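One structure is given below, encoded as structure tokens.
What follows is calculated from the coordinates using simple rules that are stated; it is not laboratory data. Everything numeric here is computed off the predicted structure, so don't read it as measured data. Please note: Cβ atoms are built from the backbone with ideal geometry, for glycine as well, and neighbour counts cover all protein chains shown.
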Amino acid sequence: MRKVMLKSFTKRGLFTFAKNLVYLKSDLPRPFPIKMSDTKLFKKNRYDGRSKKRQWEERRTDKSESFNKESKKIKINNESDDPNITAAEKIKRRKYCLLMGYSGSDYYGMQRNPSTKTIEEDLFQALYKTGFINDECLNQVQNMQFQRAARTDKAARQIVSLKLPENIDLAKINAELPEVIRVFAYKRVTKGFNSKTLCDGRTYIYLLPTVSFAEQNQEISQKDYRMSDETLNKVNEVLQNFVGTKNFHNYTSKKKPNDPSANRYIKSFICEKPFVRNDVEFAVLKVHGQSFMMHQIRKMVGCLLAVLKGLASIDMLNDSFKMEKIAIPRVPGLGLMLDYVHYDRYNNRYGEDGMHQKLTWEEVENQINEFKEKYIYPTIINTEIKDEEMVKWIENKLSRHSYDFEEEEESDNEGGDDDDDKSIDGANKELCSHNNVQKVKNVT
């Protein structure tokens with residue numbers, strides 16, 4: 001009998017073996033069978049990290065409760081009786097995204113900087129005055145998980161994500177904001193949502209007078225020039241050279257040709273039909289890409305104008321995507337603005353789950369267009385007509401530009417840059433972990 005018991009000695013049968021051995025020595029009746037097949041094995045529960053985290057957040061003392069039934073659970077959120085906890089700290093907060101529009105001509109950019117007038121600073125102050133954030137969140141925005149989709153100082157549809165109470169009142173927030181900053185809408189998002197890393201595309205606009213497309217030796221004023229259909233077709237033809245996955249190392253600063261992060265995917269790049277304002281004709285260049293490096297859009301526009309004016313060839317444009325370093329001219333930042341932030345994969349994954357909405361904004365499209373026509377376009381158009389920035393740039397810089405490469409200084413900020421620089425390989429890691437599915441990584 002002991003030989004049979006030894007043969008059945010395993011990790012799972014250790015407990016049964018020990019008990020049977022005691023009864024064999026003492027000749028006592030066995031209360032359970034000897035055979036391992038007759039025993040009921042104990043199965044350990046699968047580890048659940050989410051429940052563990054939830055227990056930690058709620059500070060539950062499950063072990064002490066099992067021994068002491070009279071012990072009470074610690075109260076949390078608005079159930080707390082601690083008089084030192086303010087009402088703002090008791091409010092339960094959820095993750096939201098805000099749709100914003102702003103014209104930052106009188107600001108020092110979008111991103112918050114100490115002792116500097118920025119778009120974000122005015123937004124935080126408005127949220128604080130209306131009671132939607134407390135002192136802790138105002139001083140440390142990481143406490144409310146704040147993130148912006150882009151840093152451009154003019155935007156028609158900027159997206160920021162942060163934690164806010166459920167009783168959001170846009171009228172109160174906008175009442176505390178200047179007219180050049182508006183919050184159009186908000187939507188509930190997943191708790192892991194990040195407006196920057198989960199974005200899979202952005203659309204930018206560059207607004208410029210059509211006299212910029214005139215031939216190099218053609219002397220004509222802004223008010224007298226009108227772009228022909230032939231010129232419009234030629235502009236769109238040149239713009240198609242930027243579409244697709246290209247190595248844009250020459251269209252930013254301090255980027256090596258063999259750096260994988262210099263590869264960017266441009267989905268579309270078009271010139272829309274021109275329109276007239278204050279007797280001057282303007283055109284909109286609209287580019288949609290997965291991401292953009294610093295100065296990339298402004299250099300693409302600069303290269304476009306150089307080719308159209310005969311100061312550079314199409315061959316030079318195509319060579320700029322190769323390993324050779326070429327100095328590409330950069331247009332002023334006045335006409336650049338963020339037009340749209342795309343969340344296609346997020347919308348497909350969560351837009352119809354019954355709890356969240358797609359991050360599209362058709363319901364406030366009229367408000368956005370009115371704001372753009374009233375505050376953003378006039379800022380660009382009036383400054384362009386008054387100061388003739390583009391005309392002067394073409395005369396003084398583009399016509400004298402040397403394409404021999406020299407390292408540029410990054411401190412030159414002429415009114416708003418493109419997106420943050422981020423590598424293709426690492427840009428979408430957070431989206432993959434958010435969906436818990438391994439996907440192909442791309443650019444922010």
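Quick rundown of the values:
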{"item": "Only Lys, Arg (+1) and Asp, Glu (-1) charged, at Cβ; region 88-188 dipole about Cα centre in debye", "result": "540"}
{"item": "Three-way shape call for region 123-186 based on the alpha-carbon gyration tensor, with the a/c threshold at 1.5", "result": "oblate"}
{"item": "At 1.306 mPa s and 10 °C, Stokes D of region 237-396 from Kirkwood alpha-carbon radius, µm² per second", "result": "89"}
{"item": "Rough spin-label spacing in nm, given labels placed 7 Å along Cα→Cβ, for ALA185 and ILE91", "result": "2.3"}
{"item": "Length gained when the stretch THR360-ASP106 is fully extended (0.36 nm per residue, less Cα-Cα span)", "result": "88.5 nm"}
{"item": "J(HN,Hα) series, region 266-283, from Karplus relation 6.51 cos²θ - 1.76 cosθ + 1.60, nearest Hz, glycine and proline x", "result": "9, 7, 7, 8, 9, 10, 7, 4, x, 9, 10, 9, 6, 6, 10, 8, 10, 10"}
{"item": "Rounded FRET efficiency, nearest 0.05, which uses the C-beta distance separating ASP169 from ASN382 and R0 of 35 Å", "result": "0.55"}
{"item": "Distance histogram in 10 Å bins (all Cα pairs of region 246-321, percent per bin)", "result": "17, 44, 29, 9, 1"}
{"item": "Which listed pairs, of LYS117/LYS172; LYS255/LYS309; LYS191/LYS256; LYS196/LYS374; LYS154/LYS254; LYS92/LYS358, have C-alpha distances above 30 Å, in listed order", "result": "LYS191/LYS256"}
{"item": "Karplus 3J(HN,Hα) series, Hz, for region 297-307 with 6.51 cos²θ - 1.76 cosθ + 1.60 (x for Gly, Pro)", "result": "5, 5, 6, 5, 5, x, 5, 4, 5, 5, 5"}
{"item": "Simple Cβ-charge dipole of region 140-274, Lys/Arg +1 and Asp/Glu -1, about Cα centre, in debye nearest 20", "result": "780"}
{"item": "Pairwise centroid distance, computed over Cα atoms, of region 84-160 with region 175-200, Å", "result": "9"}
{"item": "Prolate/oblate/rounded call for region 317-383, Cα gyration tensor, a/c under 1.5 rounded", "result": "oblate"}
{"item": "Long-range amide H partners of HIS295 with built H, under 5 Å", "result": "ASP418"}
{"item": "Net lengthening on full extension, ASP135/SER313 (0.36 nm per residue, minus Cα-Cα)", "result": "58.4 nm"}
